[in-house]
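The values are calculated or read from the model by the stated rules, or taken from the named source; none is laboratory data. This one's a predicted model, so the numbers in the text were calculated from it and none came from an experiment. Cβ placement follows ideal geometry from the backbone for every residue including glycine, while neighbour counts extend to all protein chains displayed. Calculation scope for accessible area: heavy atoms of the full protein, side chains included, ligands and nucleic acids excluded. Shrake-Rupley method; radii C 1.70, N 1.55, O 1.52, S 1.80 Å.
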Amino acid sequence: VKRSKKEARRMSKVEKLRKVEETNAKLDALRGTHEGEQLQQQVALERSLARAHGEKVHDDAKRLRKSIKLDERRKHKSRAAWEERTSAVQEQMAARQKRRSDNLRRRNQMRKERRVQQLINRRDNKDKRQAKRRAGFEGVQSSYLNK
């Protein structure tokens, strides 16, 4: 059986279903007439030749509909899983950014506290050093000789 260029490419399940329904509608419309019987024989011959060539003939509308519905369910489930993955990744990124900003804020706060503590320690140490001075020994000398 020679196939046209249009039929040579792989038809989608929706296209196959449409073609099967058109054929069935034609057969139903011409049922009981001589033309209808010829068309039915021609369709049966084409299908049997295609099967003899090793091709799979998808001519059951009910099974095609079921297959299309199953594909749609798979697509929907896959899309939902993908959205869930992307939302999980976004949540992880937000959590990491929050943790990083908290760490930076805490580190800056610790730095400020350390600076303040160092200033306080310097002031306290200056007071302690001045208190420990011994009279006549650690004082400020204005000249070499006492007057």
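Quickly rank 32-43, 118-129 as a protection proxy: mean count of other C-beta atoms within 10 Å, highest first.
32-43, 118-129
Based on the alpha-carbon gyration tensor of the range 72-124 and its eigenvalue square roots a ≥ b ≥ c, which shape applies: rounded if a/c is under 1.5, prolate if not and a/b is larger than b/c, or oblate?
Here the range 72-124 falls in the prolate category.
What ³J(HN,Hα) values, in whole Hz, does the Karplus curve 6.51 cos²θ - 1.76 cosθ + 1.60 give for the range 13-19 when θ = phi - 60°, with x put for Gly and Pro?
With coefficients 6.51, -1.76 and 1.60, one gets 5, 5, 5, 4, 4, 4, 5 Hz.
Beyond 18 Å, how much of the Cα-Cα pair distribution for the range 39-103 remains, as a whole percent?
67
Once the piece of chain linking Arg79 and Asp28 is laid out straight, how much longer is it, given 0.36 nm per residue of separation minus the C-alpha distance between them?
The span from Arg79 to Asp28 would gain 14.4 nm if fully extended.
For a 22 Å ceiling on Cα separation, which of these pairs sit above it: Lys26/Lys69; Lys19/Lys75; Lys13/Lys66; Lys16/Lys77; Lys26/Lys75; Lys77/Lys98?
Checking Cα-Cα distances, Lys26/Lys69; Lys19/Lys75; Lys16/Lys77; Lys26/Lys75; Lys77/Lys98 exceed 22 Å.
What does the highest-first list of 69-82, 14-27 look like by mean Cβ count within 10 Å?
Per-residue Cβ counts within 10 Å, averaged per peptide and sorted highest first, yield 14-27, 69-82.
What's the carbon and sulfur percent of the range 6-108's accessible surface, probe 1.4 angstrom, rounded to a whole number?
51
Can you compute 3J(HN,Hα) from phi for each residue in the range 30-36, using the Karplus curve 6.51 cos²θ - 1.76 cosθ + 1.60 with θ = phi - 60°, rounded to whole Hz and x for Gly and Pro?
9, 4, x, 9, 5, 4, x
Let me make sure I get this right: for the range 1-90, a, b and c are the square roots of the gyration tensor eigenvalues over alpha carbons, sorted descending. Under 1.5 in a/c it's rounded, otherwise prolate if a/b > b/c, else oblate. Which is it?
It comes out prolate by the Cα gyration axes.
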